[in-house]
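Chemist: Please see the structure below; I have some questions.
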Amino acid sequence: MPSDPNTIILTTAPSSSHAAQIIYGLDLRGIGAQVIENPLKSSDRYAIILVKGDEAVARSAITVIWDAMLDATPRAADIDGNCYFCGYNIAGLMPPVICPECGHPLDTIAARRAASEGRID
């Protein structure tokens, strides 16, 4: 964990370009944040921490920023409409989609990130 126990990690990012986009999005909203090496054991190398601003506003902004960054991946599914995690055909199911086969919620930011980054979480 960061050396300061009051440090608030807003999100993590796999690359410096993702981290820079998140910082930019937060800055546009008047939220001060900075990038540090991720102290948590995860596949994401960077952590974005709150420096100044309201935590609730910052967390809400993070959701909007990730949605914008993942715009090309509206659902964790392949081009044929199959669940990214198990391959079950989910084409035609209305959002929000939870795969009937494996139970993954496919419209979440976590699932969309995993699919866009080629990870199985």
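Readers should treat all values here as calculations from the given coordinates under stated rules, not as data from a laboratory. The structure presented is a predicted model; accordingly, all values stated were derived computationally and were not measured. When we count neighbours, we look across all protein chains shown, and the Cβ atoms used for this are built from the backbone with ideal geometry, even at glycine.
Chemist: So, in nm, how far is label S60 from label A72 when the simple model puts each one 7 Å beyond its Cα toward the Cβ?
Modeler: Here the modelled spin labels are 3.0 nm apart.
Chemist: Another question about this same structure. If you average the sequence gap of Cα pairs under 8 Å that are 6 or more apart and divide by the length of the stretch 9-69, what percent do you get for the contact order?
Modeler: 41
Chemist: From Cα pairs below 8 angstrom and at least 6 apart in sequence, can you work out the relative contact order of the stretch 13-117, rounded to a whole percent?
Modeler: 20
Chemist: Please express the shape of the chain as an equivalent ellipsoid: the semi-axes are the square roots of 5 times the eigenvalues of the C-alpha gyration tensor, given largest first in whole angstrom.
Modeler: For the chain, the ellipsoid semi-axes come out as 30, 15, 12 Å.
Chemist: Residue separation times 0.36 nm, minus the C-alpha to C-alpha distance between R119 and I9: what's the value?
Modeler: 37.4 nm
Chemist: Sticking with this one: Could you work out how much longer the chain between I79 and E37 gets when fully extended? Use 0.36 nm per residue separation minus the Cα distance between them, nm to one decimal.
Modeler: 11.7 nm
Chemist: Would you calculate a helix-derived [θ] at 222 nm for the chain, using -39,500 (n - 2.57) for each DSSP H run of n ≥ 4 and dividing by the full residue count, to the nearest 500?
Modeler: That comes out to -9500 deg cm²/dmol.
Chemist: Kirkwood Rh over Cα pairs of the stretch 73-121 into Stokes-Einstein at 37 °C, 0.692 mPa s: D in µm²/s?
Modeler: So the translational diffusion coefficient is about 320 µm²/s.
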